[in-house]
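Visitor: Here it is, the structure in full.
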Amino acid sequence: MKKSQDLSSVLLKIQKFAPTQGGVFSYGDLFHLIGAGDELKNRRMINQLVKSGLLFKVQRGFYLSDKPDLWVLASRLKKDACISLDTVLAKEALLGSLPTGSVSATYSGIRKLVIKTPVGLIRYFSMQRNLQFGYNTLANGVRVADKEKAFLDILYFYAKGSKFAIDPVNEIDVRKLNKKKLKQYLKHYANPKFVKFVKGVVGE
């Protein structure tokens, strides 16, 4: 009886904090929530929550509760991730709707990475640190590129051969972009061919 009561108590704590966590918990988050004071006991409780279907282990050290936020998950799995590309452009209504259950983000890893999770697909595009700019940080800690940077990001990776559900050259409504900001951002790119490519897409 005590074991089930402990499980219920921990579940209530998880449900209480899930909204502020975006439904995403690290092992450290759960350790503090459970508060058993003993790592072995905490691990046993977490394993019990997973076996009971109350938590889902998405990868080592990260767990999901009910209805997790895919943007939050993408941000927490890679600390320097920034939601961008077609995900932001769709949200900003610069292109048609995209299939639900996927998110695109840039990060400083050495290669493109695709992670399949129970709540959707996360695509990480490798980007050098000097090109990681033009984003805002939301209240929940998620970094999100503005529409001008998201536009440059999708063209950048498209030019490198990446495939997308939409045609970045013809299906993005460039009229909604801030051309002055775009011009400032382009100064960060050393490749003149890419700069010329972008200007061609926006009609300059």
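Visitor: Among the residues of the range 1-45, what is the count of those that are small (Gly, Ala, Ser) and at pLDDT 85 or above?
Guide: So the answer is 5.
Visitor: Answer with yes or no whether GLY96 is of a type in the set (Gly, Ala, Ser), closer than 22 Å to LEU155 by Cα and either part of a loop (DSSP other than H, G, I, E, B) or out of contact with any Leu (no Cβ under 7 Å at 6 or more places or on another chain) (or both).
Guide: Details: of a type in the set (Gly, Ala, Ser): yes; closer than 22 Å to LEU155 by Cα: yes; either part of a loop (DSSP other than H, G, I, E, B) or out of contact with any Leu (no Cβ under 7 Å at 6 or more places or on another chain) (or both): yes.
It is true that GLY96 is of a type in the set (Gly, Ala, Ser), closer than 22 Å to LEU155 by Cα and either part of a loop (DSSP other than H, G, I, E, B) or out of contact with any Leu (no Cβ under 7 Å at 6 or more places or on another chain) (or both).
Visitor: Now, a different point. Mind listing whichever residues of the range 153-169 are touching a strand residue (DSSP E or B) at 6+ places or on another chain (Cβ under 9 Å), crowded, with 21+ Cβ neighbours inside 10 Å and not acidic (Asp, Glu)?
Guide: ILE154, TYR156, PHE157 - these are the residues of the range 153-169 that are touching a strand residue (DSSP E or B) at 6+ places or on another chain (Cβ under 9 Å), crowded, with 21+ Cβ neighbours inside 10 Å and not acidic (Asp, Glu).
Visitor: Name the residues in the range 150-177 that are under 24 Å from ALA81 (Cβ atoms) and in a loop (DSSP other than H, G, I, E, B), would you?
Guide: Within the range 150-177, LYS160, GLY161, SER162, LYS163, PHE164, ALA165, ILE166, PRO168, ILE172, LEU177 qualify.
Visitor: Please go through the range 64-86 and pick out each residue that is modelled with pLDDT under 95 and hydroxyl-bearing (Ser, Thr, Tyr).
Guide: SER65
Visitor: Testing VAL144 on (1) within 26 Å of ALA190 (Cα to Cα); (2) surrounded by fewer than 17 Cβ atoms within 10 Å (Cβ to Cβ); (3) under 13 Å from the mean Cα position of the chain (by Cα), one condition comes back false. Which one is that?
Guide: Failed condition: (2).
Visitor: Mind checking which helices (runs of 4 or more DSSP H) fall wholly inside the range 1-78 and carry at least 1 residues that are closer than 16 Å to ASN140 by Cα?
Guide: Here the list reads 2-21, 27-34, 70-77.
Visitor: Considering only the range 49-75, state which residues are buried (at least 23 other Cβ atoms within 10 Å of the Cβ) and among the charged types (D, E, K, R).
Guide: The answer is none; no residue qualifies.
Visitor: Would you call ASP173 of a type in the set (Asp, Glu) and more than 30 Å from ASP66 (Cα to Cα)?
Guide: yes
Visitor: Moving on to the next point. Filter the range 71-101 down to the residues that are touching a residue at least 24 places away in the same chain (Cβ under 8 Å), touching a strand residue (DSSP E or B) at 6+ places or on another chain (Cβ under 8 Å) and more than 17 Å from GLY134 (Cα to Cα) and list them by number. Walk me through how you get there before you give the answer.
Guide: The first filter runs over the range 71-101 and keeps only residues touching a residue at least 24 places away in the same chain (Cβ under 8 Å), leaving 71-78, 80-89, 92-96, 98-99, 101.
Of the ones still in play, those that are also touching a strand residue (DSSP E or B) at 6+ places or on another chain (Cβ under 8 Å) are 71-78, 80-88, 101.
Those that are touching a residue at least 24 places away in the same chain (Cβ under 8 Å), touching a strand residue (DSSP E or B) at 6+ places or on another chain (Cβ under 8 Å) and more than 17 Å from GLY134 (Cα to Cα): TRP71, VAL72, LEU73, ALA74, ARG76, LEU77, LYS78, GLY101.
Visitor: From (1) in contact (Cβ under 8 Å) with a residue 24 or more places away in the chain; (2) over 16 Å from GLU92 (Cα atoms), pick out the condition that doesn't hold for VAL174.
Guide: Tallying (1) in contact (Cβ under 8 Å) with a residue 24 or more places away in the chain; (2) over 16 Å from GLU92 (Cα atoms), VAL174 fails exactly one: (2).
Visitor: Write out, first by first residue and then by second, each pair whose Cβ atoms fall under 9 Å of each other, whose residues are 6+ apart or on separate chains, and whose first residue, in the range 48-70, is closer than 18 Å to PHE31 by Cβ while the second is part of a strand (DSSP E or B) and polar (S, T, N, Q).
Guide: PHE56/THR117; VAL58/THR117; GLN59/THR117; GLY61/SER26; PHE62/SER26; TYR63/SER26; LEU64/THR117
The values are calculated or read from the model by the stated rules, or taken from the named source; none is laboratory data. A quick note: this is a predicted structure, and the numbers were derived from the prediction, not measured. Reconstructed Cβ throughout: ideal geometry from the backbone, glycine too, with neighbour counts over all protein chains shown.
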